[in-house]
Amino acid sequence: MEHFSIVQALCRTALANPSSAIMHQIQRLKDALEKEGNKKEAKILDGLMTSVSKSIEMAPSNIRRSFILSGEELTPRTPIPVDKESSTPLAEVIFEDNLPSAPPLFSDNVKFAIESILNEWRNFEKLSKIKAEPSRSCLIYGAPGTGKTHLALWIAKQIKIPVVLAKLDGLMSSFLGTSSRNIGNLFSFASRYKCILLLDEFDAIAKLRNDPQEVGEIKRVVNTLLQNLDARSQTGFTIGITNHESLLDPAIWRRFNVQIEIPKPSIDVINKLLQKFSLPIEFNKPQIEFLTWVIEGASGADIESLVKWLKKVYAIETNMDFVNIIRRFAVLNSGRISSEKRGLLNGPDTELFLSLLSDINFNFSQKDISELAGIPQSTLSKQLSKNK
Ligand SMILES: Nc1ncnc2c1ncn2[C@@H]1O[C@H](COP(=O)(O)OP(=O)(O)O)[C@@H](O)[C@H]1O
Ligand SMILES: [Mg+2]
């Protein structure tokens with residue numbers, strides 16, 4: 001095969017950070033080469049994949065965890081079921097090494113609730129001795145961008161089990177009957193292996209319901225889902241995630257042992273997220289307080305994108321004062337800031353400063369504001385007293 005040395009180098013590079021999608025594609029390439037009679041090349045690719053599988057199987061993490069769930073071990077070579085019509089994989093497998101190690105930041109009550117689920121899994125053996133077992137299904141719901149997917153992946157990291165991640169809208173097919181078959185295939189795959197089944201964007205099914213032509217098909221899909229969730233409730237661990245909990249069928253809702261609502265971040269959590277995302281830059285206290293004031297009511301994902309943008313501007317526009325930098329952000333990101341705060345940021349200086357000073361949820365002093373706006377405190381003080 002022409003240019004095989006480059007293809008081989010590409011595969012080796014990709015396998016330095018293996019995922020099930022990469023393994024799947026290299027397996028396809030290997031099969032295609034074999035079919036065309038390129039035996040030597042196919043064998044080389046096979047060798048590359050085998051060494052990856054071995055190194056993953058030997059990783060100590062795989063040995064420690066597995067008593068918890070029954071089933072075969074997943075490896076990067078495990079074939080993933082595909083949609084028969086489009087050949088797209090029905091799920092993605094995420095192994096322990098690629099799961100996030102940093103916990104998402106939540107307020108204490110949510111944190112404690114999650115900790116209690118984790119403790120059940122950590123004490124699996126203790127529980128089995130008294131014929132009890134951990135919660136096997138969990139529904140995580142809340143506004144978009146609040147860290148739900150991150151949370152589910154982090155839970156998996158904590159109990160050291162790979163994730164089979166399926167986006168439900170990806171299972172829905174335009175071909176009649178195929179969606180139900182996809183769901184069936186996904187669940188039998190998940191039940192065969194030791195894994196956490198993560199059903200992301202669970203509301204995709206409910207959205208279909210608005211289409212009057214699809215009524216019969218949806219009924220079938222919901223029924224298949226219910227049957228599969230029931231069957232799995234005795235064995236695996238399933239996490240469902242939805243942004244639109246009100247769209248979920250109550251029958252589906254009831255299938256989950258535990259339901260956790262993830263709220264928008266509180267002022268305290270916003271403060272911590274801003275500090276976390278801005279590293280290695282360390283904004284000072286008034287800057288963090290001002291950012292928190294600006295972005296109050298936004299999701300964690302919005303906060304992350306504010307900080308990403310801010311880091312760039314902060315590094316480039318060294319002459320601009322902090323208040324004006326944030327004013328520019330407010331113009332460019334109108335959807336991320338409440339209309340009240342936007343109005344104040346777009347209005348005259350004095351009005352903005354006076355409302356900061358009088359906001360009882362924050363503790364701004366005139367000194368803070370003079371620093372943020374880059375004007376001497378005496379000037380600010382005169383300016384404010386004129387307008388009082
Ligand atoms: N509470 C949080 N703590 C840490 N990171 C967060 C939080 N909320 C959102 N994020 C970050 O925002 C991005 C989107 O989060 P994600 O988990 O995909 O949200 P969701 O699934 O709720 O829509 C991710 O990069 C995530 O790390
Ligand atoms: Mg998500």
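Taking the criterion of being among the β-branched types (Val, Ile, Thr) and open to solvent by less than 50 Å² (accessible area, probe 1.4 Å), the residues of segment 331-374 that qualify are 337, 350, 369.
For residue 227, which of the numbered conditions (1) more than 16 Å from ligand 2 (Cβ to nearest atom); (2) surrounded by 15 or more Cβ atoms within 10 Å (Cβ to Cβ) fails to hold? Failing condition for residue 227: (2). Any chance segment 264-282 includes a residue that's within 28 Å of residue 204 (Cβ to Cβ), surrounded by 22 or more Cβ atoms within 10 Å (Cβ to Cβ) and within 16 Å of ligand 2 (Cβ to nearest atom)? There is at least one residue in segment 264-282 that is within 28 Å of residue 204 (Cβ to Cβ), surrounded by 22 or more Cβ atoms within 10 Å (Cβ to Cβ) and within 16 Å of ligand 2 (Cβ to nearest atom).
Let's see how each residue does on (1) touching a residue at least 40 places away in the same chain (Cβ under 8 Å); (2) under 26 Å from residue 189 (Cα atoms); (3) within 16 Å of ligand 2 (Cβ to nearest atom):
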| residue | (1), (2), (3) |
| --- | --- |
| 221 | yes, yes, no |
| 251 | no, yes, no |
| 294 | yes, no, no |
| 312 | no, no, no |
| 329 | no, no, no |
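A Cβ distance below 9 Å, combined with a sequence gap of six or more or placement on separate chains, defines the contacts here; from segment 120-147, residues that are more than 16 Å from ligand 1 (Cβ to nearest atom) reach residues that are of a type in the set (Lys, Arg) in the pairs 132/126; 134/122; 136/232; 137/232; 137/255.
Within segment 127-141, the presence of at least one residue that is open to solvent by 10 Å² or more (accessible area, probe 1.4 Å) and within 16 Å of ligand 2 (Cβ to nearest atom) is confirmed. Residue by residue through segment 309-325, note down the ones that are part of a loop (DSSP other than H, G, I, E, B) and not acidic (Asp, Glu). Hits for segment 309-325 are 318, 319, 320. For residue 280, indicate whether it is more than 21 Å from the chain's Cα centre (by Cα), farther than 30 Å from residue 233 by Cβ, assigned to a loop (DSSP other than H, G, I, E, B) and of a type outside the set (A, V, I, L, M, F, W, C). For residue 280, the condition - more than 21 Å from the chain's Cα centre (by Cα), farther than 30 Å from residue 233 by Cβ, assigned to a loop (DSSP other than H, G, I, E, B) and of a type outside the set (A, V, I, L, M, F, W, C) - is met. Residue 151 fulfils the conditions (1) over 19 Å from residue 194 (Cα atoms); (2) out of contact with any Pro (no Cβ under 6 Å at 6 or more places or on another chain) except for a single criterion, (2).
Checking each residue of segment 174-185 against the condition of being closer than 21 Å to residue 72 by Cα and within 21 Å of the chain's Cα centre (by Cα) gives no match. Considering segment 78-107, and only residues there that are surrounded by fewer than 19 Cβ atoms within 10 Å (Cβ to Cβ) and among the charged types (D, E, K, R), the residue that is nearest to residue 192 (Cα to Cα) turns out to be 92. Annotation note: Cβ proximity below 8 Å between a residue of segment 192-205 that is within 20 Å of residue 142 (Cβ to Cβ) and a residue that is within 11 Å of ligand 2 (Cβ to nearest atom) and of a type in the set (Lys, Arg) (sequence gap 6+ or interchain) occurs for 200/167; 201/167; 204/167.
In segment 143-166, what count of residues is obtained for those that are within 11 Å of ligand 2 (Cβ to nearest atom) and not in a helix (DSSP H, G or I)?
Of the residues in segment 143-166, the ones within 11 Å of ligand 2 (Cβ to nearest atom) are 143-153, 165.
Imposing the further condition that a residue be not in a helix (DSSP H, G or I) reduces the set to 143-147, 165.
Total meeting the criteria: 6.
All conditions in (1) part of a loop (DSSP other than H, G, I, E, B); (2) without any contact (Cβ under 8 Å) to a residue 60 or more places away in the chain hold for residue 104, with the sole exception of (2). Within segment 247-263, being surrounded by fewer than 17 Cβ atoms within 10 Å (Cβ to Cβ), within 16 Å of ligand 1 (Cβ to nearest atom) and at pLDDT below 90 holds for one residue alone: 247.
Every condition in (1) open to solvent by less than 70 Å² (accessible area, probe 1.4 Å); (2) at pLDDT 90 or above is met by residue 21 except one, and the failing one is (2).
The values are calculated or read from the model by the stated rules, or taken from the named source; none is laboratory data. Note that the structure is a prediction, hence the values are computed from the model and not measured. For neighbour counting, all protein chains shown are included, and Cβ atoms are generated from backbone atoms with ideal geometry for every residue, glycine included. The area values use the complete protein model at the heavy-atom level, side chains included, leaving out ligands, DNA and RNA. Shrake-Rupley method; radii C 1.70, N 1.55, O 1.52, S 1.80 Å.
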